[in-house]
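Each value in this text was obtained by applying a stated rule to the coordinates, not by laboratory testing. Computed from a predicted structure; not experimentally measured. For neighbour counting, all protein chains shown are included, and Cβ atoms are generated from backbone atoms with ideal geometry for every residue, glycine included.
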Amino acid sequence: MIKYFIKKFNRIEVLEDLTFLDDDKNKKDNIVWIDILKPTKQELEYVENMFNIKFPTKQESEEIEISSRYWEENEKIEINSYFLISNVEHPYNETVSFILKNKLLISIRYNQLTSFNEFIKRFTNAPKEFKDGYEIFCQIIDIRIDADADTIENLSKEVTRLRKHVFTDYSNDDEEILEKISLFEDLNMKIRENLTDKQRILTSLLKSNKYEIALKNEITIMLKDLKSLIEHTDFNFERLDYLQNIFIGVLSIEQNKVIKIFTIVNVVFLPPTLIASVYGMNFNFMPELHWDYGYVFAIILMVLSSVTPIYIFKKKGWI
């Protein structure tokens, strides 16, 4: 699906085909943004031929070297940027391709993204705020950075909640806690990768001279925001590592308590077992064999041998 955003003075018109160009080719200059969602091969070829642009393949757009993430030529800038998909069971970074040619922005994406939907609402409500494709691109990235900040904030709250659970409500759900820590670390890693990618792209864009100087201030502010968010992801990594160490410590304490109980039980029942074993022998010569009070004596001796260790342990505070 392709949407063409045509700006006429302070009004925006959104079309899904370019049949209006058949009458007047000059109207093509009024297009400020082309948003391509889940395109077919024919749709890509149509836009390429219409605007004399060559789009990168999906494989090329996902390469991680900086020359594949940001490429500037005489007439255009090609950008491939990560957008975090966090509302799924296993979050991942989806690559979105942008091409800036003169004042035109072309975006290619293969998923519905809330950042784009939110910007479209802003764009249609206040079109005069966005003069060209560069301002549109920067606004989309700024919205995405705000969304990443919200994701980091929610992750921090979840980490705090899990830490409280480990300390106060621990109930032997070891696998669940370890799984949560692993999922939080994976999400934080995806956020960090996403933010670092945008930092590299905006740093390269800041050096360009293809847009107005006033926009450089906005890019500088976004870079400062990215730096603070990256520092926060580092802090979350430290918190998760610390939480994992705490959990392992709590788990060791709980295991030690179990081992301690078994040790006390063994110590308590070992003397009675020894006494019962001695008087259970079948030797011919045993002085107490025909003793009338031998059975009662053995029972009392076993009870005393069991009670005495318990009394000593309680007195020393071991149980």
- request: Obtain the radius of gyration and the Kirkwood radius of the stretch 271-311 from its C-alpha atoms and give Rg over Rh.
  value: 1.03
field: Sum of -39500 (n - 2.57) over DSSP H runs of 4+, divided by residues of the chain (222 nm, nearest 500)
entry: -21000 deg cm²/dmol
field: Greater than 24 Å apart at Cα, pairs in LYS101/LYS131; LYS157/LYS216; LYS28/LYS216
entry: LYS157/LYS216; LYS28/LYS216
task: Could you check which residue among LEU270, LEU183, LEU202 shows the biggest mean-square fluctuation in a GNM of the chain with a 10 Å Cα cutoff?
output: LEU270
message: I want to verify a result. In a Gaussian network model of the chain, Cα cutoff 10 Å, which of these has the top mean-square fluctuation: THR263, THR220, THR95?
response: THR263
field: Sparse-neighbour loop sites [trypsin sites (Lys or Arg not before Pro); the stretch 184-233; at most 11 other C-beta within 10 Å; DSSP]
entry: LYS207
- prompt: Say a paramagnetic label sat at a point 7 Å from the Cα of THR263, along Cα to Cβ; which residues of the stretch 285-319 have their backbone N under 19 Å from it?
  reply: 308-319
field: Kirkwood Rh, Cα atoms: Rg over Rh of the stretch 169-317
entry: 1.53
task: Take the chain, connect every pair of alpha-carbon atoms lying under 10 Å apart with a spring to form a Gaussian network, then pick out the residue of ASN217, ASN266, ASN74 with the largest mean-square fluctuation.
output: ASN266
- request: Could you tell me which label, among (1) 60, 28, 15; (2) 75, 19, 15; (3) 38, 38, 18, carries the value of semi-axes √(5λ) of the Cα gyration tensor in Å calculated for this structure?
  value: (2)
- prompt: How far apart, in nm, are two points set 7 Å out from the Cα along the Cα-to-Cβ line at ILE221 and at ILE310?
  reply: 7.3 nm
field: Set of lysines with alpha-carbon distance to LYS315 below 19 Å, sequence-local pairs under 8 removed
entry: LYS257, LYS260
